[in-house]
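One structure is given below, encoded as structure tokens.
The values are calculated or read from the model by the stated rules, or taken from the named source; none is laboratory data. Since the model is a prediction, treat every value here as computed from it, not as a measurement. Heads up, the Cβs are rebuilt from the backbone with ideal geometry, glycines too, and the neighbour counts pull from every protein chain shown.
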Amino acid sequence: MGPEDFSADERQRNQHIKGMSPKLIAMDRELRLHKAITMRMAGADNYQIAKELGVTDSAVSHMISRELKRKRDEINETAEEMRQIDSMRLEAIIRRSWLKAFPSDMTAPLDYDAGRQIMNAIEKRSKILGYAAASKHQVDISHLQSQMGLVLEVVARAVPDEAMPKVYAALEEAIGTLQRKEAALEYSGT
């Protein structure tokens with residue numbers, strides 16, 4: 001709560017602040033803010049809070065609005081930091097699993113569990129970053145199917161012929177899952 005939160009009469013009533021140290025002034029402001037927030041949470045209106053604190057109700061409104069915005073910004077910043085950290089963790093899982101799923105040695109067997117880990121990590125990452133939010137972004141299966149064709153071309157060059165049926169089956173399963181999710185979204189109206 002700064003000087004702009006007080007009218008001339010209120011500043012005059014609060015002359016005792018002039019003799020206080022900056023730390024005490026800050027503590028006094030914090031206590032007033034805390035009291036205002038506590039009273040608001042208990043159901044008091046701006047007039048009641050203003051009367052208790054000796055300020056105008058518009059000062060109370062500004063004070064509470066600023067504090068709520070500060071808290072919202074703090075929460076949003078923390079949430080964004082956590083999204084970034086989780087995204088980096090999932091990216092590390094994807095990189096490690098990719099090396100297991102698609103070894104550089106063409107004769108080594110594929111690790112299908114690592115492939116599932118990759119798919120799960122990609123799905124979780126897309127949810128964390130928000131591009132899997134179906135209510136905001138509809139899934140375009142036709143686009144994904146065309147991308148699967150590109151994936152198949154790349155995989156076909158790297159995977160021995162005898163492993164391709166399993167690769168096709170896994171991709172078909174993934175496409176089927178996406179189609180079921182898209183149908184469920186259309187049915188629910190989102």
- Task: Within region 169-190, track down each residue that is modelled with pLDDT of 75 or more and exposed (fewer than 14 other Cβ atoms within 10 Å of the Cβ).
- Result: ALA169, GLU172, GLU173, GLY176, THR177, ARG180
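Yes/no matrix, rows are residues, columns are (1) surrounded by fewer than 12 Cβ atoms within 10 Å (Cβ to Cβ); (2) out of contact with any strand residue (DSSP E or B) (no Cβ under 7 Å at 6 or more places or on another chain); (3) touching a residue at least 60 places away in the same chain (Cβ under 8 Å); (4) among the hydroxyl-bearing types (Ser, Thr, Tyr):
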| site | (1), (2), (3), (4) |
| --- | --- |
| LYS35 | no, yes, no, no |
| THR38 | yes, yes, no, yes |
| SER58 | no, yes, no, yes |
| MET63 | no, yes, yes, no |
| SER87 | no, yes, no, yes |
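When region 97-114 is examined, which residues are found to be among the acidic types (Asp, Glu) and in a loop (DSSP other than H, G, I, E, B)?
ASP105, ASP111
Go through region 111-124 and give me each residue that's of a type in the set (D, E, K, R) and either closer than 14 Å to ARG96 by Cβ or touching a residue at least 40 places away in the same chain (Cβ under 8 Å) (or both). I'd like the intermediate steps shown before the answer.
From region 111-124, those of a type in the set (D, E, K, R) are 111, 113, 116, 123-124; that's our starting set.
Result: ASP111, ASP113, ARG116.
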- Okay, helices (runs of 4 or more DSSP H) sitting entirely in region 1-87 with 1 or more residues that are modelled with pLDDT of 90 or more, I get 22-41, 46-53
